[in-house]
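Reading through the structure tokens given below for one structure.
The values are calculated or read from the model by the stated rules, or taken from the named source; none is laboratory data. These numbers come from a predicted model, not from an experiment. Cβ placement follows ideal geometry from the backbone for every residue including glycine, while neighbour counts extend to all protein chains displayed. Accessible surface is based on the protein model in full, side chains and every heavy atom, while ligands, DNA and RNA are left aside. Shrake-Rupley method; radii C 1.70, N 1.55, O 1.52, S 1.80 Å.
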Amino acid sequence: MEKKYLPIDLHCHSTYSDGAHSVREVLEMAKANGVQFQALTDHDTVDGISEAREIAKELGIKLIAGVEISVTWQKNTLIHIVGLGIDENNAQLVSELAKLRASRVERGRRIGANLAKVGIHGAFEGALALAKQPEALSRTHFNHWLIANGHAKAGKAFDKFLAPGKPGFTQQVWANLADAVAWIKQSGGVAVIAHPGRYSFTRTKLIRLIEEFKSYGGQGIEVISSAHSLQDEENIAALCRHCDLLASLGSDFHQQESYRKIRPGVNKAIPHGLNTVFPLIGIDLNSLTEIN
Ligand code: AMP
Ligand code: MN
Ligand code: MN
Ligand code: MN
């Protein structure tokens with residue numbers, strides 16, 4: 001019988017970027033959910049991978065080394081590209097990611113200055129204190145700080161202050177698409193378009209992105225993601241087939257949320273008939289032990 005869920009998770013975050021939990025906590029939660037293959041894909045960093053490898057070994061989980069790279073596409077559109085099965089010691093990958101991360105502190109200062117203009121003071125220092133390292137500073141940390149300090153209700157701060165067009169937003173130029181795919185590929189990884197359903201692109205625009213991504217050697221797309229509705233899953237599965245991409249899946253777990261349940265370590269199965277990224281990153285579905 002077809003499996004409805006898979007103990008495979010190819011997208012998740014820890015405190016090395018904007019996740020709320022340490023690598024150990026995330027892996028232990030995934031393990032408790034039955035995970036067998038878990039990727040760590042922190043934003044613009046591979047710093048957590050060696051620690052994750054050790055802990056995964058201890059827990060009897062297969063770790064997939066990953067990263068989620070911030071990309072600016074077509075001048076000012078933010079998209080995310082996941083790299084799976086990368087070599088976290090690859091010199092070019094490490095040094096290029098370090099440059100991206102360095103820019104996060106300066107951007108954070110600009111976000112803080114913008115928020116001060118609408119009467120919210122101390123946001124930069126406050127958000128910085130929530131980040132494990134200054135270079136990990138994310139809009140997620142600002143989001144948490146704004147809520148904790150009563151500037152918005154839970155679930156509302158991001159869209160009120162931090163999204164494009166809102167008072168705290170500041171344009172940031174991240175990696176370009178060609179470079180991000182090249183860094184992933186030359187470090188032995190597979191490049192995957194993260195959570196396409198989140199971009200609110202038209203089908204035409206998404207196909208344009210996919211064609212460009214493929215022209216640089218990109219291969220995968222997340223069909224299953226916690227960011228996706230059932231309709232997104234259907235649309236993206238169809239596009240995945242139409243554009244001859246490899247399907248991927250991931251919880252994109254950052255922390256437990258009150259309004260929806262995300263289970264790190266477990267995802268809905270990839271819809272029938274799609275080719276997947278699994279064989280390229282050493283995942284053999286026949287090797288999975290039964291899960292409930
Ligand atoms: P940054 O990389 O610092 O620009 O932050 C982007 C992160 O913010 C994403 O990786 C998500 O984790 C988070 N994020 C994006 N959109 C939202 C939203 N609407 N509400 C809450 N968090 C969001
Ligand atoms: Mn994030
Ligand atoms: Mn993302
Ligand atoms: Mn993510």
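Which value, in debye to the nearest 20, describes the size of the charge dipole of the chain about its Cα centre when Lys and Arg Cβ atoms bear +1, Asp and Glu Cβ atoms bear -1, and nothing else is charged?
Details: 32 positive and 31 negative charges, 207 e Å.
Computed charge dipole of the chain: roughly 1000 debye.
Can you give the accessible area of ARG107 in Å² (nearest 10), computed on protein heavy atoms with a 1.4 Å probe?
The value for ARG107 is about 20 Å².
Tell me, what ³J(HN,Hα) does each residue in segment 236-243 have, in order and in whole Hz, if you take phi through Karplus 6.51 cos²θ - 1.76 cosθ + 1.60 with θ = phi - 60° and put x for Gly and Pro?
Once θ is set to phi - 60°, the couplings for segment 236-243 become 6, 4, 5, 5, 4, 5, 4, 9 Hz.
Quick check: residue separation of SER229 and GLU51 times 0.36 nm, minus the Cα distance between them. What number comes out in nm?
On the way: separation 178, 0.36 × 178 = 64.08 nm, distance 3.30 nm.
Value of the extension gain: 60.8 nm.
So what is the 222 nm mean residue ellipticity for the chain from helices alone, if each DSSP H run of at least 4 adds -39500 (n - 2.57) and you divide by all residues, rounding to the nearest 500 deg cm²/dmol? Mind showing how you got there, number by number?
Details: 8 runs with 102 residues, N = 292.
Using -39500 (n - 2.57) per qualifying helix, the result is -11000 deg cm²/dmol.
Search the structure for amide H atoms under 5 Å from the amide H of ILE262, placed 1.01 Å from N in the peptide plane, and list their residues when 5 or more places away or on another chain.
GLU257
If amide H atoms are built 1.01 Å from N in the plane of the peptide, which residues on other chains or at least 5 residues away come under 5 Å of the amide H of ASP44?
Long-range HN contacts for ASP44: GLU68, ILE69, SER70.
Rounded to whole Hz and in sequence order, give me ³J(HN,Hα) for segment 259-267 from the Karplus expression 6.51 cos²θ - 1.76 cosθ + 1.60, θ = phi - 60°, writing x for Gly and Pro.
In residue order, the calculated couplings are 9, 7, 9, 10, 10, x, x, 10, 9 Hz.
Taking 0.36 nm per residue of separation and subtracting the Cα-Cα distance, what length does fully extending ALA129 through LYS62 add?
Working: separation 67, 0.36 × 67 = 24.12 nm, distance 3.25 nm.
Value of the extension gain: 20.9 nm.
Counting only protein heavy atoms and a 1.4 Å probe, tell me what percentage of the chain's accessible area is made up of carbon and sulfur. Write out the running numbers ahead of the final one.
Working: 6660 of 13180 Å².
Exposed carbon and sulfur together represent 50 percent of the surface.
For LYS156, tell me the accessible area in Å² from a 1.4 Å probe, rounded to the nearest 10.
130 Å²
I'd like the FRET efficiency for ALA113 and ALA269, computed as 1/(1 + (r/R0)^6) with the beta carbon distance as r and R0 of 51 Å, rounded to 0.05.
On the way: r = 46 Å, r/R0 = 0.91.
Plugging the Cβ-Cβ distance into 1/(1 + (r/R0)^6) gives 0.65.
In segment 104-162, if the dipole is taken from +1 on Lys/Arg beta carbons and -1 on Asp/Glu beta carbons about the Cα centre, which of LEU137, PHE158, GLY126 is farthest to the positive end?
PHE158
What share of the DSSP beta bridges in the chain is antiparallel, in percent to the nearest 5? The partial results should precede the final answer.
Numbers: 15 of 32 bridges.
So the antiparallel bridges in the chain amount to around 45 percent.
Using a 1.4 Å probe, what is the accessible area per residue for segment 104-162, in Å²? Can you show the working numbers first?
Values: 2920 Å² over 59 residues.
Per residue, segment 104-162 has 50 Å² of solvent-accessible surface.
Only four residue types carry charge here, +1 at the Cβ of Lys and Arg and -1 at the Cβ of Asp and Glu. Report the dipole size of segment 187-292 about the Cα centre in Debye, rounded to the nearest 20. Present the calculation step by step, with values, prior to reporting the outcome.
On the way: 10 positive and 11 negative charges, 52 e Å.
Its charge dipole is roughly 240 debye.
Accessible area of THR204, 1.4 Å probe, to the nearest 10 Å²?
Approximately 90 Å² of THR204 is accessible to the 1.4 Å probe.
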